[in-house]
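No lab work stands behind these numbers, since they all come straight from the coordinates. Just so we're clear, the structure is a prediction, and the values are computed from it rather than from any experiment. Please note: Cβ atoms are built from the backbone with ideal geometry, for glycine as well, and neighbour counts cover all protein chains shown.
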Amino acid sequence: AQSVTQLDSQVPVFEEAPVELRCNYSSSVSVYLFWYVQYPNQGLQLLLKYLSGSTLVKGINGFEAEFNKSQTSFHLRKPSVHISDTAEYFCAVSGTGGYNKLIFGAGTRLAVHP
Amino acid sequence: DSGVTQTPKHLITATGQRVTLRCSPRSGDLSVYWYQQSLDQGLQFLIQYYNGEERAKGNILERFSAQQFPDLHSELNLSSLELGDSALYFCASSVATGGAYEQYFGPGTRLTVT
């Protein structure tokens, strides 16, 4: 079984500051890793994903994440946030086999202040 | 716009009633997933269909059922509704089944049980 822990339920940050949203996972098998964003009253949108290869993954809107197998982490970073980045961010894992149900973390609410 | 459509957008009903939520996947996608998002349980996988057949089941209650039709749209049926079933229900679709295939999420159906 897999599980995901997002270490911060809320992260307040000022505009143009850097941000890191932390995610740790647990799994007895290989996994794929994802970050999704949910804007108010909208569905989830994929920011980036790690399937294999380079451990540094770049996504949309200037976000990137680093897969660390030894620490079972997949932290999301952005060097300079904008007001429009205010949203809920979800880390998720899925198995690498034929079934790809997503297991989500509890979410981190990023609040960007002017 | 992900290309996944869900109807209705909002649904208000009473305890004990039965409702049907509808999802149309992106054109060409064979796999449909249902997720429930609630304040106490977070985002949870319910069930997956691939080309009309059930492929995976999560923590779906016996009062809930789903199916995928030959035109690939899917319906989630919720019966004997309880207050705790109030949640946002998302449908997602992907071209195939397997962790490497991105899931595209619809805007969700917000169910309120009174």
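When the Kirkwood radius is taken over all Cα pairs of chain B, what Stokes-Einstein diffusion coefficient follows at 20 °C and 1.002 mPa s, in µm²/s?
Details: Rh = 13.9 Å.
It comes out at roughly 154 µm²/s.
Region A:11-97: Rg/Rh from Cα coordinates, Kirkwood Rh?
Details: Rg = 13.1 Å, Rh = 13.5 Å.
When Rh is taken as the Kirkwood radius, the ratio is 0.97.
Over region A:20-79, what is the relative contact order in percent, taking alpha-carbon pairs closer than 8 angstrom and at least six residues apart?
Working: 101 pairs, mean separation 21.7, N = 60.
Relative contact order, region A:20-79: 36 percent.
Rg/Rh for the protein assembly as shown to two decimals, with Rh computed the Kirkwood way over all alpha-carbon pairs. Mind dumping the intermediate values first?
Details: Rg = 17.5 Å, Rh = 18.1 Å.
Value, to two decimals: 0.97.
On a straight-distance basis, which lysines could pair with A:Lys101 in a cross-link, Cα separation under 20 angstrom, same-chain partners fewer than 8 positions away excluded?
Hits, sequence-local ones excluded: A:Lys49, B:Lys57.
Whole angstrom only: what separates the Cα centroid of region A:37-86 from the Cα centroid of region B:44-114?
25 Å
Relative contact order for chain A: what is it in percent, counting Cα pairs under 8 Å that are at least 6 residues apart?
Numbers: 285 pairs, mean separation 42.4, N = 114.
Computed value for chain A: 37 percent relative contact order.
Return the loop-located GluC sites (Glu not before Pro) in region A:49-109 (DSSP other than H, G, I, E, B) with at most 15 other Cβ atoms within 10 Å of their own Cβ; answer none if there are none. Could the numbers behind the result be given before it?
On the way: sites: A:Glu64, A:Glu66, A:Glu88; in loops: none.
Sites meeting the loop and neighbour criteria: none at all.
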